[in-house]
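Some notes on the structure that comes next.
Here, each number is a calculation from the coordinates, and none is a lab measurement. Just so it is clear, the structure is predicted and the values come from calculations on it, not from any experiment. Cβ coordinates were reconstructed from backbone atoms using ideal geometry, including for glycine residues, and neighbour counts include every protein chain displayed.
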Amino acid sequence: MSRQVTFKIAYLDLSARTFTVRTTSGSDFELYLGGRGLGAKLLFEGQGKGVDPLGPDNQLIFTTGKFGGTPVPTAGQVTITAKSPATGLYFKSNTGGTWAKALRRADWDAVVITGVSETPVFVSIDDERVNFHDASGLWGRTVRESDTEAQRRLGGSDWSFATIGHAGENLVNFACIMTSLYHAAGRGGLGAVMGAKKLKSIAVRGSGQTTVADAVTLEQEVQAVLAKARQSVKAGLLLEFGTAATIEMANEGGSLPVNNFSSAQIPGGHKLGGTYLVENAYMRQGSACSACPMGCHKHAVVREGRYQGHSGGPEYETLASLGTSCGVTDPEPVLKGNELCNDYGLDTISTGGVIGWLMESAQRGLISSDRCYGLDLGWGNGQSMVDLIHRIARREGIGDLLAQGTRSASKALGGESWKWAVQANGLEQSRVDTRVAKAYALSFAVNPRGPDHLYAQPQAEFGRTPEARRLMERLMGSDKYCNSKILDGKPELVRWHEDMFAVTDSLGICSFATTTTYIVDESSLARFIRAVLNVSMSEKEIMQAGRRTVVLERCFNLREDPNRKDTLPWRLMNEPVSRGPHEGMLNSKQEMQVLLNRYYALHGYDPVSGRPTREVLSSLGLLDDVKGLEEIII
Amino acid sequence: MPVHIEIRVYHGIKKYLPAGDGNGFCRTFSLPDGASVAQAISALNIPNDEKVFTLLNGVMCSPDRALNSGDVLSIMQPAGGG
Amino acid sequence: MSKTLLIDLKKCTGCELCVDHCSSSKTGFYSQEHSRIRILRDEMKGVFVPLVCVQCQEHPCVDVCPVEAIKYEHDLALFTVDKDLCTACGDCVEVCPYEGIFLNAGTALKCDLCRGDPACARVCYPEALQYLEADESQVVAALEEKTRELNRNVRK
């Protein structure tokens with residue numbers, strides 16, 4: 001069976017307002033599977049080192065996977081790739097909604113955007129017709145306002161949008177891109193890349209049909225996955241409560257970031273959990289991404305009072321960032337904060353991270369509240385948290401400092417404020433207390449994005465479900481390694497999760513299926529690939545394709561900044577958990593070194609620097625395939 | 001002497017709690033001396049085939065661990081994701 | 001008692017696996033235009049309404065059809081479109097109170113419950129679509145809810 005699979009890419013130059021079509025062929029599918037893997041290769045080859053993330057030469061790359069448009073469960077994902085203005089490094093971000101399916105039904109695999117438009121612009125992709133439109137009247141509006149107006153101008157009701165809000169327009173360093181109104185391609189400030197290009201929105205619709213090689217076998221495999229979903233407690237929880245169901249567990253278990261990671265449990269924290277939110281009618285069923293049975297996305301409503309409003313979400317990370325990380329346990333201001341972040345296009349994790357940092361800085365006397373609109377910056381003030389979101393999105397007053405992210409903001413504020421800037425390599429840490437979860441600690445340190453969960457998500461280290469325990473047994477021979485506090489087995493676990501996550505992003509499906517619930521495994525993916533594309537790939541070859549992408553991403557970062565370290569925020573490496581069931585735990589330098597050493601050894605990297613060697617790059621086939629890769633070899 | 005523990009239930013487990021006071025999340029429960037975690041769970045009428053995830057004072061424990069007065073038993077379903 | 005395709009609107013997430021499977025069960029490929037079930041989407045509110053023939057007792061589509069193309073099939077106990085007779089005039093689409101019949105490629109398309117094992121219900125994990133023996137009151141409640149939701153909407 002031939003493995004020649006073609007990718008059709010729309011190249012848009014916003015400076016020249018031109019559009020060209022390129023079709024790749026050859027081995028890109030076999031080597032990278034497409035999607036995120038293709039995006040990594042396009043980023044590496046298409047721009048040299050030292051590109052200004054907010055300048056014309058930074059590519060903004062949208063890649064769907066070959067499963068997009070088919071009913072492979074969860075096949076609604078798009079990966080957006082660019083150099084990040086927050087980290088200055090490789091960045092990928094994923095989102096769902098309906099955009100990826102629409103692009104595939106329009107018969108495109110990817111869109112690459114370069115240049116900078118002179119004036120605000122939005123793009124429409126209507127099957128093969130690609131057009132540039134004046135975005136005046138959309139620029140300066142929220143995501144919801146913009147999509148509503150753009151739909152009115154374009155006509156028809158079946159457009160899917162990828163849009164930025166005020167935050168992206170104002171180049172907030174953690175601005176995000178929103179698809180289908182409420183689905184965020186978050187982290188890393190890719191919304192600012194889009195805003196710097198003066199690109200407000202990309203509207204897509206496709207009238208085509210999707211044909212697969214073997215629809216009968218595909219249906220059988222879909223049924224097999226659905227049967228697993230019906231057995232999976234996690235899948236059921238995602239449907240009923242979304243990711244908010246994790247809040248109760250994290251709070252009870254002492255792994256929930258509270259007050260800027262200065263403690264890990266908070267009384268009343270359950271009010272931000274899925275159970276409370278659903279019971280009190282704050283949260284109900286929302287929009288699933290295309291082809292996803294689990295439909296984790298919820299819809300939140302505050303019916304009256306000063307926080308009245310409604311929006312998609314909230315996710316666990318949002319509840320833990322805007323909520324507990326700022327000491328807030330009242331759901332209403334947190335839901336308002338979620339709504340504002342969606343409308344402004346702001347990453348909720350970094351937003352909560354930088355607000356928590358400001359609160360702590362004020363409490364430690366480094367900044368007075370008259371520099372902050374007189375706001376009370378004590379822990380738990382939900383109104384202050386909400387007010388600051390407006391200021392950040394609009395870069396007003398103190399918001400202008402906060403919009404730079406905690407790394408830059410703490411440099412500017414000075415003193416010891418860098419110590420409680422809970423960030424590494426320019427990215428605020430996702431809301432997992434890695435001091436009590438060692439596989440997460442390792443995965444955060446080696447993640448090319450920064451200390452963040454959407455790269456590996458090694459939940460199996462907790463061993464809370466039979467699926468998780470089975471995976472650990474498969475990898476390590478025993479489920480005794482399912483203990484988040486030990487180091488053994490964690491590098492192996494992280495490596496598997498990284499590879500599988502890359503495969504997932506590259507095929508255009510959701511990590512909740514292949515990790516988290518573990519209802520889609522390597523053998524299922526091989527069957528799907530054959531049924532969709534009539535391509536035969538072994539499980540090993542599929543995971544190898546994921547590995548290739550992980551290594552290539554690491555290479556981009558090494559080319560960009562050879563001094564970049566695999567590390568965690570200072571607080572987690574230097575301040576032990578102060579109280580609660582995990583008192584005293586720490587991500588010490590020694591522990592991290594043990595984990596990193598084993599991780600580097602597993603990958604065949606140089607044991608001291610963690611660099612991929614010539615042997616590794618050659619044996620993966622990267623050296624032969626990726627132009628310019630040679631230069632990163634020492 | 002009976003042991004008095006605090007029980008917190010979440011997710012689909014809530015439905016097994018007897019109807020009663022408004023705050024359904026957290027209540028004190030009395031059990032006979034020497035009662036185990038497993039016995040507490042069945043005393044709440046949670047069926048054997050319900051896949052629960054429990055924490056005792058914030059940490060995972062074995063079901064036959066004996067309870068002491070003042071213990072906090074959290075019973076929920078295994079959630080995940082961000 | 002015979003089985004009904006019962007719809008619970010509160011559970012629909014808009015994933016559209018039903019739309020794709022309906023299409024492929026009839027044609028072999030995935031396409032909204034070829035599906036007998038569509039989802040009315042209110043992205044803003046996060047509300048999704050499956051639109052499909054509810055096999056209603058009144059069947060105004062049958063009565064309005066100028067060429068009697070919608071006929072009763074005894075072994076299925078429901079009405080189906082004979083595409084050889086159908087002229088795609090669109091009168092049935094106009095008159096259907098549930099927006100459950102569609103025009104595509106020169107014919108009207110209407111759900112025939114896959115002749116006994118509806119593909120859509122098989123892939124609905126949230127159980128918004130269920131094929132089961134429902135009692136009269138469940139069916140009536142579901143239809144009333146559907147009507148309310150359609151009236152609320154600007155589409156008609």
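So what is the calculated 222 nm ellipticity per residue for chain A, using -39500 (n - 2.57) for each DSSP H run with n of 4 or more, over all residues, to the nearest 500 deg cm²/dmol?
After summing the helix terms and dividing by the residues of chain A, the value is -11500 deg cm²/dmol.
Quick one: grab the alpha carbon gyration tensor of segment A:58-201, order the square roots of its eigenvalues as a ≥ b ≥ c, and give me rounded if a/c is under 1.5, else prolate or oblate depending on whether a/b is larger than b/c. Present the calculation step by step, with values, prior to reporting the outcome.
Values: a/c = 1.57, a/b = 1.10, b/c = 1.42.
Here segment A:58-201 falls in the oblate category.
Using each residue's phi in segment A:202-219, evaluate 6.51 cos²θ - 1.76 cosθ + 1.60 at θ = phi - 60° and report the 3J(HN,Hα) Karplus result to the nearest Hz, with x for Gly and Pro.
10, 9, 10, 8, x, 9, x, 10, 9, 10, 10, 5, 9, 5, 5, 5, 4, 4
Under 11 Å from the Cβ of B:SER74, count the other residues' Cβ atoms, weight Lys and Arg +1, Asp and Glu -1, and hand me the total.
On the way: positive: B:ARG8; negative: A:GLU248, A:GLU252, B:GLU6, B:ASP71.
Combined, the nearby Lys, Arg, Asp and Glu give -3.
Using only Cα atoms, what is the ratio of the radius of gyration of segment A:412-510 to 2.2 N^0.38 Å? Write down the numbers at each step before the final one.
Details: Rg = 15.1 Å, N = 99, 2.2 N^0.38 = 12.6 Å.
So the Cα radius of gyration is 1.19 times the expected 2.2 N^0.38 Å.
Need one number: % antiparallel among DSSP beta bridges in chain B, to the nearest 5.
Values: 12 of 16 bridges.
Once the DSSP bridges in chain B are tallied, antiparallel ones form about 75 percent.
Apply the Karplus curve 6.51 cos²θ - 1.76 cosθ + 1.60, θ = phi - 60°, to the phi angles in segment A:593-609 and return the couplings in whole Hz, x for Gly and Pro.
5, 4, 5, 5, 4, 5, 4, 5, 4, 4, 8, x, 7, 4, x, 8, 8
Could you give the length gained on full extension between A:ALA601 and A:ARG230, defined as 0.36 nm per residue of separation minus the Cα-Cα distance, in nm? Working shown, then result.
On the way: separation 371, 0.36 × 371 = 133.56 nm, distance 3.87 nm.
Separation in residues times 0.36 nm, less the Cα-Cα distance, equals 129.7 nm.
Can you give the percent of C-alpha pairs in segment A:386-468 whose distance is more than 21 Å?
Numbers: 1518 of 3403 pairs.
The calculated P(r) of segment A:386-468 puts 45 percent of pairs beyond 21 Å.
Could you work out, residue by residue across C:29-38, how many beta carbons of other chains sit within 10 Å of that residue's beta carbon, and then give the average as an integer? Don't skip to the answer; put the middle values down first.
Working: counts 7, 13, 7, 5, 3, 1, 0, 0, 0, 0.
Counting Cβ atoms of other protein chains within 10 Å of each residue's Cβ and averaging gives 4.
Just for the Cα atoms in segment A:456-561, what are the lengths along the principal axes, largest first, rounded to whole Å?
40, 39, 21
Enumerate the calculated ³J(HN,Hα) couplings along segment A:277-293 in order (Karplus 6.51 cos²θ - 1.76 cosθ + 1.60, θ = phi - 60°), each rounded to whole Hz, writing x wherever the residue is Gly or Pro.
5, 6, 4, 9, 6, 7, 9, 9, 4, x, 9, 6, 6, 3, 6, 9, x
Calculate the length of the line joining the C-alpha centroid of segment A:575-612 to that of segment A:227-284, in whole Å.
Cα centroid of segment A:575-612 versus Cα centroid of segment A:227-284: 28 Å apart.
Tell me the net charge near A:ARG141. Cut-off is 12 Å between Cβ atoms, A:ARG141 excluded, with +1 for each Lys or Arg and -1 for each Asp or Glu. Working shown, then result.
Numbers: positive: A:ARG144, A:LYS200; negative: A:GLU145, A:ASP147, A:GLU149, A:GLU169, A:ASP343.
After counting each charged neighbour, the total is -3.
Just to compare against my own numbers: the Cα pair-distance distribution for segment A:570-625, 5 Å bins, whole % per bin, please.
Over segment A:570-625, the share of Cα pairs per 5 Å bin runs 4, 18, 17, 15, 12, 10, 9, 7, 5, 3, 0 percent.
Using the Cα gyration tensor of segment A:153-270, with a ≥ b ≥ c the square roots of its eigenvalues, what is the shape: rounded (a/c below 1.5), prolate (a/b larger than b/c) or oblate (neither)? Don't skip to the answer; put the middle values down first.
Values: a/c = 2.91, a/b = 1.08, b/c = 2.69.
Judged from the Cα gyration tensor, segment A:153-270 comes out oblate (a/c at least 1.5, b/c at or above a/b).
What per residue convex hull volume, in Å³, comes out for segment A:29-143 when only alpha-carbon positions are used?
Working: hull volume 14.6 nm³, N = 115.
In segment A:29-143, the Cα convex hull volume per residue is 127 Å³.
Hull surface divided by four, with the convex hull built on the Cα atoms of the protein assembly as shown: how many nm²?
Its Cα hull, projected and averaged over all orientations, spans 36.1 nm².
Starting with the highest mean, order A:463-476, A:489-502, C:60-73 by the number of other Cβ atoms within 10 Å, averaged over the residues of each peptide. The partial results should precede the final answer.
Working: A:463-476: 19.3, A:489-502: 24.6, C:60-73: 15.0.
Result, highest mean first: A:489-502, A:463-476, C:60-73.
Would you work out the relative contact order for chain C, in percent, from Cα pairs under 8 angstrom that are 6 or more residues apart?
Details: 252 pairs, mean separation 47.2, N = 156.
After rounding, I find 30 percent.
Classify segment A:479-518: rounded, prolate or oblate, from the alpha-carbon gyration tensor (a ≥ b ≥ c, eigenvalue square roots; a/c under 1.5 rounded; otherwise prolate if a/b is larger than b/c)?
Numbers: a/c = 3.89, a/b = 2.14, b/c = 1.81.
Prolate is the answer for segment A:479-518, as a/c is 1.5 or above and a/b outweighs b/c.
Considering only DSSP beta bridges where both residues belong to the protein assembly as shown, give the percentage that are antiparallel (nearest 5). Spell out each step's value before the answer.
Details: 78 of 93 bridges.
Within the protein assembly as shown, antiparallel bridges account for around 85 percent of the total.
Based on the mean of other beta carbon atoms within 10 Å per residue, what is the order of B:57-66, A:594-603, A:432-441, most packed first? Each step should come with its number before you reach the end.
Details: B:57-66: 13.9, A:594-603: 17.7, A:432-441: 26.5.
For the peptides B:57-66, A:594-603, A:432-441, the packing ranking is A:432-441, A:594-603, B:57-66.
Give me a single rounded figure for A:201-211: the average over its residues of other chain Cβ atoms within 10 Å of their Cβ. Please list the in-between numbers first.
Numbers: counts 0, 0, 0, 0, 0, 1, 3, 4, 11, 6, 6.
Average neighbour count from other chains, rounded to a whole number: 3.
For chain C, what is the calculated [θ] at 222 nm in deg cm²/dmol (nearest 500), taking -39500 (n - 2.57) for each run of four or more DSSP H residues and dividing by its residue count? Please report the intermediate quantities before stating the final value.
Values: 5 runs with 42 residues, N = 156.
The per-residue figure over chain C is -7500 deg cm²/dmol.
Per-residue mean of other chain beta-carbon atoms within 10 angstrom of the beta-carbon, peptide C:114-120? Working shown, then result.
Numbers: counts 0, 0, 0, 0, 0, 1, 0.
That works out to 0 on average.
Using Cα-Cα distances under 8 Å and only pairs 6 or more residues apart, what relative contact order does chain A have, in percent?
Values: 1503 pairs, mean separation 94.8, N = 634.
Once divided by the residue count of chain A, the mean separation gives 15 percent.
Just want to confirm a number: the relative contact order over segment C:77-156, from Cα pairs under 8 angstrom separated by 6+ residues, in percent. Don't skip to the answer; put the middle values down first.
On the way: 48 pairs, mean separation 18.4, N = 80.
Relative contact order of segment C:77-156: 23 percent.
Could you quote the convex hull projected area for chain C, Cα atoms only and averaged over all directions, in nm²? Intermediate results must be reported in sequence, preceding the final value.
Working: hull surface 35.8 nm².
Convex hull of Cα atoms, orientation-averaged projection: 9.0 nm².
Could the peptides A:548-557, A:174-183 be put in order, highest first, of the mean number of other beta-carbon atoms found within 10 Å of their residues? All intermediate terms of the calculation are to be shown ahead of the outcome.
Numbers: A:548-557: 24.5, A:174-183: 29.7.
Order by mean packing, descending: A:174-183, A:548-557.
Given H placed on each backbone N at 1.01 Å, which residues far from C:THR4 in sequence or on other chains put an amide H within less than 5 Å of it?
Under 5 Å from the amide H of C:THR4 lie the amide H atoms of C:LEU132, C:GLU133, C:ALA134, each far enough along the sequence or on another chain.
Considering only C-alpha atoms, what is the centroid distance from segment A:500-530 to segment B:41-82, in Å?
What the calculation gives is 31 Å, centre to centre.
Determine the sum of side-chain charges near A:MET476: Lys and Arg each +1, Asp and Glu each -1, restricted to other residues whose C-beta is under 10 angstrom from that of A:MET476.
Numbers: positive: A:ARG474, A:LYS480, A:LYS490; negative: A:GLU473, A:ASP479, A:ASP488, A:GLU492.
It works out to a net charge of -1.
At most 16 other Cβ atoms within 10 Å and a DSSP loop assignment: could you name the trypsin sites (Lys or Arg not before Pro) in segment A:298-376 that fit? Please report the intermediate quantities before stating the final value.
Working: sites: A:LYS298, A:ARG303, A:ARG306, A:LYS336, A:ARG364, A:ARG371; in loops: A:ARG303, A:ARG306, A:ARG364.
When the trypsin sites (Lys or Arg not before Pro) of segment A:298-376 are filtered for loop state and at most 16 Cβ neighbours within 10 Å, A:ARG303, A:ARG306, A:ARG364 remain.
On the Cα set of segment A:217-298, report Rg and Dmax in Å, please.
That works out to 15.7, 52 Å for Rg and Dmax.
Amide H to amide H, which residues 5 or more places from B:PHE53 or on other chains are under 5 Å from it, using H placed in the peptide plane?
Under 5 Å from the amide H of B:PHE53: B:MET76, B:GLN77.
Leaving out same-chain residues fewer than 8 places away, which lysines sit with a Cα under 17 Å from that of A:LYS83?
Correct list for A:LYS83: A:LYS41, A:LYS49, A:LYS92, A:LYS197, A:LYS198.
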